[in-house]
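Step one of this worksheet: look at the structure below.
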Amino acid sequence: MTLPRPPRRVIADDVLSGRVNIDAYPFRYMYLSIPTPIRPGSGRTEFDARVDVVLSAVELLETRGWELVNLDELGQIAFMRRVRSYGAAE
């Protein structure tokens, strides 16, 4: 039996909480996002908090051999590329 293909979308909260094993992720590219888009009128505090979650996940992944390729203009989606295997010599 073949396991289903993992999604390219990874929820930033799942990275930060350890619910997803990025070391076993089979692809070179992925994108991080928040669970649901920020709606207009949500308020600056909610916006800042959600962008912070995405950027915190980016910073964690950078220590695991990933790099930020691009960030959407609202900071809700971060496109990432694996540049080296975690634990490999730099």
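The values are calculated or read from the model by the stated rules, or taken from the named source; none is laboratory data. Model, not experiment: these values are computed from the prediction. Note that we place each Cβ from the backbone using ideal geometry, even for glycine, and neighbour counts take in every protein chain shown.
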Checklist line | Only listed residue being in contact (Cβ under 8 Å) with a residue 40 or more places away in the chain, among the small types (Gly, Ala, Ser) and crowded, with 17+ Cβ neighbours inside 10 Å, chosen from Ser56, Ser33 | finding: Ser33
Checklist line | Residues of the stretch 65-85 classified as surrounded by fewer than 16 Cβ atoms within 10 Å (Cβ to Cβ) and either touching a residue at least 60 places away in the same chain (Cβ under 8 Å) or touching a helix residue (DSSP H, G or I) at 6+ places or on another chain (Cβ under 7 Å) (or both), total | finding: 1
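Could you please find all residues in the stretch 23-48 being of a type in the set (D, E, K, R), at pLDDT 90 or above and under 11 Å from Gly75 (Cα atoms)?
First pass over the stretch 23-48, keeping only residues of a type in the set (D, E, K, R): 23, 28, 39, 44, 46, 48.
Adding the requirement that they be at pLDDT 90 or above leaves 28.
The answer is none; no residue qualifies.
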Checklist line | The listed residue being in a helix (DSSP H, G or I) and modelled with pLDDT of 85 or more, out of Val51, Val69, Val20 | finding: Val51
